[in-house]
Amino acid sequence: MNDNELCYSSATEILSRFLDKSLSPVELMQALIQRTEAVEPIVNAFADRYFEEALVAAKKAERRYMGVGHAPRRLEGIPVAVKDDANIKGKRATQGSLIFKDQVSQFTDPHVARLRRAGAIVHARTTCPEFMAAWITDSRIHGLTRCPWNPDYTPGGSSGGAAAALAAGTTVLATGSDNAGSIRQPASLCGVVGYKPPHGR
């Protein structure tokens, strides 16, 4: 399997390979970083990147799969890109707006905290339109995000960065938010699976 094929592997396939030790979380993260460097200048799905700390976390996950310390958790070593509307303590959350270009979150939202507790690694932030209020993903702070299959088209919005990152093979999983179709519409435009959890989940 070459690196591009690896970048398009499902989370369940990757977890199986982690467990049978035919793939390490470090190898996966390195492949995603290389893929990002190749496609991001065109796609522009990431608002921020946390690659150095993600590699450190991947090395820790690798040790768990090698039997050192605690056992692997349910999502151990799986890279997840988090939409730029969510809070992560110590990281900026711009909501796609210049107003919040320097805003640093003082807490972590529950869904991100749960993913991390399950062993997922947040390696990047995905782009969104300002205040998640458009059917395209374009903002003055992050610029225009494009559909990986055809850069002349939009990936939709407001979770367009999430859908574009999945379609571009730069993340395994991605979070989104959806009040009026902001997960489902980008998923359909990018040819990926988007799930809107019922309110309260």
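Here are the numbers for the structure shown:
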{"item": "Computed accessible area, Lys91, all protein chains, 1.4 angstrom probe, square angstrom", "result": "40"}
{"item": "Relative contact order for the chain, counting Cα pairs under 8 Å that sit 6 or more residues apart, in percent", "result": "21"}
{"item": "Inter-probe distance in nm under a simple model that places probes 7 Å from Cα toward Cβ, at Val56 and Arg74", "result": "2.7"}
{"item": "Kyte-Doolittle at least -0.5, axis length at least 24 Å by Cα - qualifying DSSP helices, the chain", "result": "25-43"}
{"item": "Which of Met66, Met29, Met132 is most accessible, then next, and so on - probe 1.4 Å", "result": "Met66, Met132, Met29"}
{"item": "Square roots of five times the Cα gyration tensor eigenvalues for the chain, Å", "result": "27, 19, 15"}
{"item": "Solvent-accessible ranking of His111, His199, His142, largest area first, probe 1.4 Å", "result": "His199, His111, His142"}
{"item": "Net charge of Cβ neighbours under 11 Å - reference Glu40; Lys, Arg +1; Asp, Glu -1", "result": "+2"}
{"item": "Most mobile of Glu40, Glu62, Glu52 in a GNM of the chain (Cα contacts under 10 Å)", "result": "Glu52"}
{"item": "In the chain, lysine pairs with alpha-carbon atoms under 20 angstrom apart (chain gap of 8 or more, or interchain)", "result": "7"}
{"item": "Residue-count net charge about Thr94 - beta-carbon cut-off 13 Å; Lys, Arg +1, Asp, Glu -1", "result": "+1"}
{"item": "Total formal charge among the other residues, if their Cβ is under 13 angstrom from that of Cys128, Lys/Arg +1 and Asp/Glu -1", "result": "-3"}
{"item": "Estimated 222 nm signal from helices in the chain, with DSSP H stretches of n ≥ 4 weighted -39500 (n - 2.57), rounded to 500", "result": "-10500 deg cm²/dmol"}
{"item": "Carbon plus sulfur fraction of accessible area for the chain, probe 1.4 Å, in percent", "result": "53"}
{"item": "Per-residue SASA entry for Leu23, accessible area with 1.4 Å probe, Å² rounded to 10", "result": "10"}
{"item": "Three-way shape call for the range 1-65 based on the alpha-carbon gyration tensor, with the a/c threshold at 1.5", "result": "oblate"}
{"item": "Virtual spin-label span in nm between Ala11 and Ile141, 7 Å along Cα→Cβ", "result": "2.6"}
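The values are calculated or read from the model by the stated rules, or taken from the named source; none is laboratory data. As the structure is a prediction and not an experimental result, all values here were calculated from the model. Here Cβ is always computed from backbone atoms with ideal geometry, including for glycine, and neighbour counts include all displayed protein chains. When the accessible area is computed, the model is the full protein with side chains, heavy atoms only, and any ligands, DNA or RNA have been set aside. Shrake-Rupley method; radii C 1.70, N 1.55, O 1.52, S 1.80 Å.
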